[in-house]
Amino acid sequence: MKRFGLISVPYLWLLALFLVPFLIVLKISLSDTALAIPPYTPTLDMSEGWAGFTAWLSGLDIENFTWLTQDDLYWKAYLSSLKIATMSTILALLVGFPIAYGMSRASDEWRPTLMMMIILPFWTSFLIRVYAWKAILSQEGLLNQLLMNIGIIGEPLTILNTNTAVYIGIVYTYLPFMVLPIYSALERLDESLLEAAEDLGCSRMTAFWLVTLPLAKQGIIAGSFLVFIPAMGEFVIPSLLGGSKTLMIGKVLWEEFFSNRDWPVASAVAVVLLLILIIPIVLFQRNEEKQREAGK
Amino acid sequence: MRRLSWFNTVSLTLGFAFLYIPMLILIVYSFNGGKLVTVWAGFSTKWYGELFRNEAFLDAAWVTLKVAVMSSSVATVLGTMAAYVMVRAGRFHGRTLFSGMIYAPLVMPEVITGLSLLLLFIAIGLDRGVLTIVLAHTTFSMCYVSVVVSSRLVTFDQSLEEAALDLGCTGFEAFRLVTLPIIAPAVISGWLLAFTLSLDDLVIASFTSGPSSTTLPIKIFSAVRLGVSPEINALSTIMITLVAVGVIGASLTSKRAIAKRAKDEQEAT
C-alpha cells in the first residue's frame, strides 16, 4: 500500500503536467484557427454528451500539417535548424575534444580544479553568457576594435546578427556538455594500453588514432547528442545573436504563438519538431544503455 | 606518468580563455562610467546604484527567488520519490511509461514544454501567475533531481536499510535514519540544480507567466533584445559572483570532506 503511494505521487504529477499537456498540443495541432477565446475550433463540449464528442472528433483534421508542407517558411526553418545544429555540434566537438583530452592528461592535483572550471559556466545563467557575446561581436564591439588595432582588418566585420554569431553562441554555451562526457571516457582510459601500442611500434599519433579515439567514441557520441538535441530547438541564441535571416524552428514556433497568435500552427510545428528529434533521442538513449552495460 | 604535451597546454589555455574571457569582459564593463558598453570611460559603480533603484528589476528578482525556492523544494521531494521508485520499486504496471516521462523532459525542447504547459493551464482555466511557473518548473526540474539522486541510490548498500528494518525500524524510519543521511549529498545537489535551473529559465517562464509575475530572465531578455545595457552588466556581475562563490565553496568543502575521510580511513587501519 505504501509502495503504491510512493509510486503514484510522482507518477500522477508527470501524467498531469507532462503527458496530458502534450496530448493537448497534439489535439490543438489538429484543430482550426479561429477568432475566439481560446483561438481555435472545435472545442469539446461535454454537455452534449456523445454527440458533442463525435462533432468535436469530426472537426479535427490534418490541415495544419498540410499547411506546413506548403508554406516554404516552415521546411526552410526545419532544414536551417538541422544545418545550424549539425554544424555547431561539429564545431563544439573540434573545440571540446582537445580540452577534454588536455584535462585527462593533466596531473591529479590539477584535475579537480579544471573540472570545476568546466562546470562553473554551466551553473552561470545561460542568458547572461549569451548576452556577453553581444558586446564582443557587434560592429563597434571589442573583437572588431582589437582586430582593427592590430591591423588585421581595415573595416569592421559584421558578425553579430548573422549565422556565424549563432554558431559561436551555441558552441560557447553547450561546450561543457561536449567536454564532460568525452573527459569521463578519456579519464577511464588505461595508460598502459598506449604504452603497449608504442612498444608494439606505433607512433604516438597512430596510437592516438588506433587506441585513444576508439575508446573515447562513446563519450564523443554522448557529447554530440547533448549539443545537437538542445541546439535543434534553440530559441534564445538565434533571437539574441542571430539576424532576421537566421531561421530556426524554435524562433518560428515562438513567433507563431506570441506574435501571430496562431495556436494550431504553433502546435503543429511543435509536433513535427518532436518527430524529428525522436530519432536522435532514441539513438542517444541506446548509446547510454550500451555504456551502462559496458560499465558493469 | 602523465605529462602535458605542448598541444595539451595550448588547447587547455585557449579553451579556458574562450570560456572565461566573455564573462570577464562583461564584469569589467559593468564598472564602466559611460553609457556605451564598448567604450571605456573611466571606473564607476554608478550602474550598480541605478540597478538597486530600479523597482521593476527588484520586483522581478523577488518573484524569481520565490519561484525558485518553491519549485526546487517540491521538485526535490518528488524527484527523490521518483528516484526511489526507479531504483527500488522493481517491476510495476506502467514502469516503461514512468521512466519515459522521467527522461523525456531532459531532452524536450523548452519551447515545446512551455507551449504544452501553457495550453494545459488555459484548458483547465488556471490563471497564469507565480503558481503556474512553479508548477512548470517543478515538473522539469524533478526529472533532473531524480536522475542525480538515482545515480547515488544505485551505489547504496541495501543491506544497511535491511539491518535497520531488522532492528525494528519502520520503513519510513529506516529511510529517515539510514538512507537519507547517506544520499543527502545527492539530494542537496539535486536541490541546487533545480534551484539554478529555475533561476535561469527564460523560455518556459515566458509561456507560463502572467502580467503580474515577470521573472528576472524575462526582464533581462526584453532589456537586451535590442542592445546592450550597462545595468544588465552590473546585474550579470552580481549573479556571476554569487554562482562562483557557491561553486568554489562547494568544491572546497567536498575536497576537504574527501581528505578527511581518507585520513580517517588511514587512522582506522
* To do: Using a Gaussian network model of chain A whose springs link C-alpha atoms within less than 10 Å, name the residue from A:Tyr74, A:Tyr40, A:Tyr11 with the highest mean-square fluctuation.
  => A:Tyr11
* Asked: How large is the helix-only mean residue ellipticity at 222 nm for chain B, computed as the sum of -39500 (n - 2.57) over DSSP H runs with n ≥ 4, divided by its residue count, in deg cm²/dmol to the nearest 500?
  -> -25500 deg cm²/dmol
* Just order A:132-140, A:97-105 by mean Cβ neighbour count inside 10 Å, highest at the front, would you? => A:97-105, A:132-140
* Taking a 29 Å limit on the Cα-Cα distance, which of the listed pairs A:Lys245/B:Lys219; A:Lys251/B:Lys46; B:Lys46/B:Lys219; A:Lys134/A:Lys245 fall beyond it? -> A:Lys251/B:Lys46
* Sparsely packed trypsin sites (Lys or Arg not before Pro) within segment B:4-77, loop by DSSP, other Cβ within 10 Å at most 14 -> B:Lys35
* Structure fact -> Per-residue ellipticity at 222 nm attributable to helices in chain A (runs of n ≥ 4 DSSP H, -39500 (n - 2.57) apiece, nearest 500 deg cm²/dmol) works out to -23000 deg cm²/dmol
* Taking every Cα atom in chain A, find the radius of gyration and the maximum pairwise distance Dmax, and write them in Å. => 24.6, 82
* Starting from the Cα coordinates of segment B:101-236, work out the convex hull volume and express it per residue in Å³. => 152 Å³
* What average number of partner chain Cβ atoms lie no more than 10 Å from the Cβ of the residues making up B:10-20? -> 6
* Structure fact -> Mean per-residue count of partner chain Cβ within 10 Å for A:165-178 equals 1
* In terms of Cα to Cα distance under 24 Å, which lysines are near enough to A:Lys290, apart from those fewer than 8 places away along the same chain? -> A:Lys217
* For the protein assembly as shown, average projected area of the Cα convex hull in nm² -> 32.6 nm²
* Hey, in the GNM for chain A with a 10 angstrom Cα cutoff, which one of A:Ser125, A:Ser81, A:Ser184 fluctuates hardest? -> A:Ser125
* Estimated Rh, chain B: Kirkwood, alpha-carbon pairs, angstrom -> 22.0 Å
* Other chains near B:97-108: what is the mean number of their Cβ atoms within 10 Å of each residue's Cβ? -> 5
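No value in this document is a laboratory result; all are computed from the given coordinates. Note that this is a predicted model, so its numbers are computed, not measured. No Cβ is skipped: glycine too gets one built from the backbone with ideal geometry, and neighbour counts run over all protein chains shown.
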